[in-house]
Amino acid sequence: MELFTFLHTVGNELIPEKAKIHLAGWNGFQNPLDVYLRGEFEEWQSWQAKQNFNREYIVSLIQMSESNTWLFAGVYRSISSVWNEDHYDYLTQKVELFEPYSGRLKVTFNRPGRQAYLIAENWITSITISELTSEKLVIESFKGYQNTKLSKAHLDIIVSQQVSDWKSALSSVSGVYLITDLASGKLYVGSATGEGGIWQRWNDYSFTAHGGNKQLYLLLREKGIEYSSNFQYSILEIADTHKTKDEILSRESYWKDVLGSKKFGYNDK
């Protein structure tokens with residue numbers, strides 16, 4: 001079924017001639033899917049370099065990792081826009097009729113070039129529904145310590161939303177973790193020994209990005225806090241919270257030697 005045929009059955013006031021399609025993709029700074037999962041998509045979308053939303057409705061689609069696949073992020077009413085130094089701030093209003101399908105509806109669309117804003121009636125036969133999931137898309141659930149591999153963006157979502165299964169799992173263990181700089185390949189080995197376990201330690205990284213570590217602090221001071229988007233967080237080994245601090249630090253030292261993170265990475269001792 002074509003997307004606009006479906007949307008019109010949900011709310012017959014939405015017709016293509018009144019709508020602009022927003023194809024939200026990576027803008028060089030943020031992945032809109034991460035923004036959506038944080039619950040900040042409408043605010044993110046309201047910042048526009050041009051008057052892109054010059055119709056009554058905005059139909060928002062977020063680019064997914066699968067080829068030609070987009071996630072329906074809702075329908076918004078474009079109310080007004082104000083020029084603010086170097087961009088337009090749009091005031092929009094979510095159309096609640098379509099909210100039950102936000103984060104659940106996936107569509108197939110082969111985008112023409114790099115266009116991000118489309119006149120809806122020109123593409124109504126090209127955007128078709130591929131899937132309607134039973135549950136709204138949320139951050140991936142905890143799959144086990146050995147399978148933990150989080151981007152900085154996903155870590156921030158888990159921490160800010162206090163996602164219960166992640167919090168429960170990570171706060172119940174101490175251990176040794178790894179931060180990988182995906183841009184340079186350099187590694188940082190760290191440990192969590194205190195109350196709150198790995199959860200508390202990773203909260204520090206979410207809030208500051210460097211967690212108080214000297215080399216990471218210097219790196220981010222040089223390159224800017226946004227560089228932390230290159231960081232990936234994983235777990236090397238876990239220990240119950242009754243393990244002594246010395247035992248955990250001994251294992252941390254072992255992993256630093258094995259991975260060469262003192263000589264080639266961000267550990268300075």
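Remarks
- Checking Gly175 against (1) at positive phi; (2) out of contact with any strand residue (DSSP E or B) (no Cβ under 8 Å at 6 or more places or on another chain), the condition it does not meet: (2)
- Scanning region 81-101 for residues that are among the polar types (S, T, N, Q) and open to solvent by less than 50 Å² (accessible area, probe 1.4 Å) turns up Ser81, Thr92.
- Region 128-149 - residue that is among the hydrophobic types (A, V, I, L, M, F, W, C) and modelled with pLDDT under 95 and, of those, most open to solvent (accessible area, probe 1.4 Å): Val138
- Some residue of region 184-195 being of a type outside the set (S, T, N, Q) and out of contact with any strand residue (DSSP E or B) (no Cβ under 9 Å at 6 or more places or on another chain): yes
- Test: Arg114 is without any contact (Cβ under 8 Å) to a residue 60 or more places away in the chain, surrounded by fewer than 17 Cβ atoms within 10 Å (Cβ to Cβ) and within 18 Å of the chain's Cα centre (by Cα): no
- Where a residue in region 39-68 is at positive phi and its partner, wherever it lies, is open to solvent by 50 Å² or more (accessible area, probe 1.4 Å) and part of a loop (DSSP other than H, G, I, E, B), with Cβ under 7 Å and at least six apart: Asn68/Asn110
- Residue satisfying all of: in region 1-31; in contact with a Ser or Thr (Cβ under 7 Å, 6 or more places away or on another chain) and not in a helix (DSSP H, G or I); nearest to Ser65 (Cα to Cα) among these: Ala24
- Residue-level check: of (1) in contact (Cβ under 8 Å) with a residue 24 or more places away in the chain; (2) open to solvent by 20 Å² or more (accessible area, probe 1.4 Å); (3) closer than 17 Å to Gly144 by Cα, Ser164 misses just (1).
- Hits in region 61-80 - residues which are over 14 Å from Leu7 (Cβ atoms) and open to solvent by less than 10 Å² (accessible area, probe 1.4 Å): Ile62, Leu71
- Checking each residue in region 1-60 for being of a type in the set (D, E, K, R), within 18 Å of the chain's Cα centre (by Cα) and either more than 21 Å from Glu226 (Cβ to Cβ) or open to solvent by 30 Å² or more (accessible area, probe 1.4 Å) (or both) picks out Arg38, Glu40, Glu42, Glu43.
The values are calculated or read from the model by the stated rules, or taken from the named source; none is laboratory data. Values in this document were obtained by computation on a predicted structure and should not be read as measured data. Every residue, glycine as well, gets a Cβ built from its backbone with ideal geometry; the counts of neighbours run over all protein chains shown. These accessible areas exclude ligands, DNA and RNA; they are computed on the full protein's heavy atoms, side chains included. Shrake-Rupley method; radii C 1.70, N 1.55, O 1.52, S 1.80 Å.
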